[in-house]
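Just so it is clear, none of the values below were taken in a lab; they were calculated from the coordinates. Owing to the predicted nature of the structure, the values given are computational and were not obtained by experimental measurement. Reconstructed Cβ throughout: ideal geometry from the backbone, glycine too, with neighbour counts over all protein chains shown.
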Amino acid sequence: MEERIRYLLRQYENNKCSREELEELFGYIRTARNSDVPLKRTVKKIYDDIRKNHPSFTYVDENGRLMLTEPEQVIPAEKEGVFKKKTQGTLWIFLLTGILMISAALWLMRKGVTGNGTPPPGRAIALTKKFSNRSEQKFLLLPDSTQVWLNAASSLEFPDEFTGGKREVVLSGEAFFMVKHIAGSPFIINTGEISTVASGSSFNIKAYPGEREVMVSVSQGKVNVKRNRDVVAILTNGQQVRIDNAGERVVKKNIAVSKIAGWQQGDMIYDDENFRDIIADLERVYNVNIIISNKAVQNLKISASFKKNIGISQALLLLCRLSGAQLHSGGQQYEIQ
């Protein structure tokens, strides 16, 4: 139950609660007991965050004490002990419920939701854009409960709510998706001219700007991959397609499911990939700068695999041995000659 409450409070904090989730959250809070320490700690953290943007916000702390930030409403110190004793078990629940109910009304007004739960015609849908930095991976839970893991230096743009019979997002970089199946509502990931259409599938997409290929690899389910409106590949379990961004080349092949999205487990796997693209990948993963002075190796096709934890120096030495190049380094700057 703790994880469910944590999820509902996070949804509330991010202004993403549905009507059903708000009602469920109210139910948990009404039945909470004074000993629910994890819940109180979660509430405290969320309300501490809220106070950063709303310093006059009235809330209840993790010990059940009423916290009022307006000077004229501060509880006298000599009465605090009595007040806490009388109210610790129930007042913080009552007040939090009231605060959430008021906030829910404001939430519905901000969302502009009509009686049937759909946005009124002509209302622009708000978009959220999440980023991962270099050397960072990030987990996202989308409004439809689809799970997304962003690899380093990637971004995902998605609406605050999916409407209109389809779910559509924009990816820049690399991500692994576990798409929740919703009948009649395809999930579409746009990456430039390439779009991947799925429903109830798990798959990895690598589509960094400036790289020569877009790669889609399916670990479970079925996806359609399109260039503009034309289907270029239909993939199922253990299949991958590589699409040349600069030309019409499309290569479909089988791939071990265990190798798909190996980056989540710290596995760096490159199968017949362009040397320059591999180096760009290492720059993102290790947050370093790498110069390729040896132009002859830039377009070589390389196959290699190693663990991320071997470090950037060992990774580059391995690639240099495979390509016949030389490595020179200084601090966070590396040069391949």
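Below are the figures for this structure:
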quantity	calculated
Residue satisfying all of: in the range 142-173; assigned to a strand (DSSP E or B) and in contact (Cβ under 8 Å) with a residue 40 or more places away in the chain; surrounded by the most Cβ atoms within 10 Å (Cβ to Cβ) among these	G173
Qualifying residues in the range 283-301 (those that are of a type in the set (A, V, I, L, M, F, W, C) and part of a helix (DSSP H, G or I)) - the one farthest from N133 (Cα to Cα)	A296
From the options A315, A304, A325, residue that is assigned to a strand (DSSP E or B) and either of a type in the set (A, V, I, L, M) or surrounded by 13 or more Cβ atoms within 10 Å (Cβ to Cβ) (or both)	A304
Close pairs (7 angstrom Cβ cut-off, 6 or more residues apart or separate chains): surrounded by 16 or more Cβ atoms within 10 Å (Cβ to Cβ) in the range 262-275, part of a loop (DSSP other than H, G, I, E, B) and among the hydrophobic types (A, V, I, L, M, F, W, C) anywhere	F275/L300
